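Every number in this text was worked out from the coordinates using simple rules, so none of it is lab data. Since the model is a prediction, treat every value here as computed from it, not as a measurement. Because the Cβ atoms are built from the backbone with ideal geometry, glycine has one as well, and the counts that use them run over all protein chains shown.
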Ligand SMILES: [Fe+2]
Ligand SMILES: [Fe+2]
């Protein structure tokens, strides 16, 4: 099992005991009502938004910690990068959500400011730029690139999980084995 994949698998069974300090920097934010409410929204087919942000946050945390970068901001930005309280597939709000890909980083950043008045520049920038290259501007800080990478990595895995039965069975075995 590759190192990155192994860390990713761990996010499906993450607890304060096996999180390598992730919960000490992000546990409080992770247990807010706003963040926990993300469980009700589908993100990538069978994977809900809470699971998705947990994967992105934990991988970003681990990568930044390994590189000696700002792992706390990376963890927090990962948790809040998709902090929007709607299902973008919901047709009831008309055509508005069709532009979800472009609009949600700004909305997530606004919600993050509301939830965390102490949101720092690295976190704000990473949230608002995480959909690159769809949203054209590149992050100002290196942690932002890690978020972009982790987001795409997790999204790919989540879609594979939802669309490929063989992959899903193997993945669930890996989760049990960790
Ligand atoms: Fe996003
Ligand atoms: Fe995301």
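Overview of values
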{"quantity": "Förster-model FRET efficiency, 35 Å R0, residue 140 and residue 166, C-beta, rounded to 0.05", "calculated": "0.30"}
{"quantity": "Residue with peak Gaussian network fluctuation, the chain [Cα springs, cutoff 10 Å], from 56, 84, 136", "calculated": "136"}
{"quantity": "FRET E, pair residue 175, residue 39, Förster distance 22 Å, beta-carbon r, rounded to 0.05", "calculated": "0.80"}
{"quantity": "Calculated SAXS-style log₁₀ I(q)/I(0) at q = 0.20, 0.25 Å⁻¹ - segment 1-106, Debye, Cα scatterers", "calculated": "-1.04, -1.41"}
{"quantity": "Relative contact order (percent, whole number), segment 3-177, Cα cutoff 8 Å, 6+ residue spacing", "calculated": "23"}
{"quantity": "Sum of -39500 (n - 2.57) over DSSP H runs of 4+, divided by residues of the chain (222 nm, nearest 500)", "calculated": "-19000 deg cm²/dmol"}
{"quantity": "Listed peptides 66-77, 155-166, 103-114 by packing density, highest first (mean Cβ within 10 Å)", "calculated": "66-77, 103-114, 155-166"}
{"quantity": "Residue 18 versus residue 114: modelled label distance in nm, points set 7 Å from Cα along the beta carbon direction", "calculated": "3.5"}
{"quantity": "Gap separating the Cα centres of segment 125-178 and segment 8-41, nearest whole Å", "calculated": "16"}
{"quantity": "Two-site label geometry, residue 156 and residue 106: point separation in nm, points 7 Å out along Cα→Cβ", "calculated": "3.0"}
{"quantity": "Along each principal axis, Cα extent of segment 3-177, largest first, Å", "calculated": "42, 38, 31"}
